[in-house]
Each structure stands twice: as structure tokens, then as C-alpha cells.
């Protein structure tokens, strides 16, 4: 309660977390994209927003600016967790967080679609990490690099194997990621190039997604709307 009052964390955020946590008590499967999105919002995106409230320490302008990146990062972390724990969730808990897996077998095609979503979320979070206050940026960067590493290991693991084992990042790799994050942050290497692998933190081109009423609904990598039925906001300059 002290932290809530100190950083002006809105009650609607707290209620969203409690709603998702209560869902786990009675709901095993999320049967639609809306149900999955609502759960992820309350269990992860809202956590990102509450952390952001603490990170900006009263700077409401910066909070508003970084809301979407914070939600994207929380969503990416949660979806990676779902993929990493898919064996335990499906076998021990008989639970499916991804709505498309309720009636469909988890295979390489489904895995790729989920990973594409996660990579879009990561792409939308990068600007926010770079803009965070210095006293909180390193911790978020460490988490970002860890989850990106975990996602890369999941990408290289066959879908069938993910259903029988839990992918992990070794302690040695964690130490290397910690050192990498420290160097990137302290030496201001966010926009520098690693030989043969692009930027230290890849700033992927993305576009804003909107609904029929021009309300922002999210982001996607630049070419994604051309492959799927998304509406994007564009400004063409000649």
C-alpha cells in the first residue's frame, strides 16, 4: 500500500492483476484471442505499467510516452514464459494460455506464429528501454537480454521437444548476459554495431496498428500487415 500511494499506481491496474490471478483458480483454457489478450494484459502488461510508474518516479509525461513499450515488454516476457513452461502447463495443469492451442496441436507452424507475436512485442519495447531513466534502465535491459536469449533457444528447439522438456539459460550464459548488459548501458552502446550481427539492441522497423475507428491497438513489424489482415497507420511523404 505504501508503494501504491508513493508512486500513484492506479487502482484499475491492481484490479486487472487480481482479475487475471483469479482466472487461474477456475479457468484452464483460454478459448479466444480476446481471452488470451485479457489474461496477458492483467498478468503481464499491467505489471510493466506498474513497474514503469516506479521507474519514472512521478514523471507523468514520460510515463505516458513509455506506456506502450512497457506493455509490449510485459507481453513478450509472459508469452516466452508460456512457451518455456508449455510442458508443465499442458501435462500437469491441463492449462492452455494460447487460445489457438485449445483445439490445435502445438507444432512448428503454431510455434512460429507465437514467436512472431513475441518478436513484434520485443520490437515495440526497445525504444522504451533506451528512454528509461538511468537508475532503472540496466535492470530492465538485463531482463530483456535474458528473455531474448531464452526465446532464441526456444526457436532452435523443435516444437515436439518443447512438449517434453523445459528450455533453460545456463548460469554461465546468464553471467555473460549480465556483463553484456552492463557494458551496453555504461558505455552507451545502444546504437553501436556488433560485427556481423547488427545493433546491440536491434531497433526493428515497425508500424502502428489501428482498428476501424483509428484507435491504436498495437504494433507490428513493417511487413507483417501485408501478410495478415491488419490495419496500419501510415503517413506517406513525397
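Beta carbons within 10 angstrom, averaged per residue: use that to sort the peptides 86-96, 2-12, highest first. Please list the in-between numbers first.
Values: 86-96: 14.8, 2-12: 11.4.
So the order, starting with the most tightly packed, is 86-96, 2-12.
Do you know the relative contact order of region 16-164, to the nearest whole percent, from alpha carbon pairs under 8 angstrom that are 6+ apart?
Numbers: 148 pairs, mean separation 44.2, N = 149.
The value is 30 percent.
Taking every pair of alpha-carbon atoms in region 99-150, give the share separated by more than 19 Å as a whole percent.
Working: 571 of 1326 pairs.
So the pairs more than 19 Å apart make up 43 percent of the total in region 99-150.
With N denoting the number of residues in region 2-175, provide Rg(C-alpha) divided by 2.2 N^0.38 Å, to two decimal places. Display every interim value, and only then the final one.
Numbers: Rg = 16.7 Å, N = 174, 2.2 N^0.38 = 15.6 Å.
With N residues counted in region 2-175, Rg over 2.2 N^0.38 Å equals 1.07.
Computed from the coordinates by the stated procedures, all read-outs in this text should not be read as laboratory data. On a predicted model such as this, the values are computed, not experimentally measured, just so you know. Neighbour counts run over all protein chains shown; Cβ positions are idealised from the backbone, glycine included.
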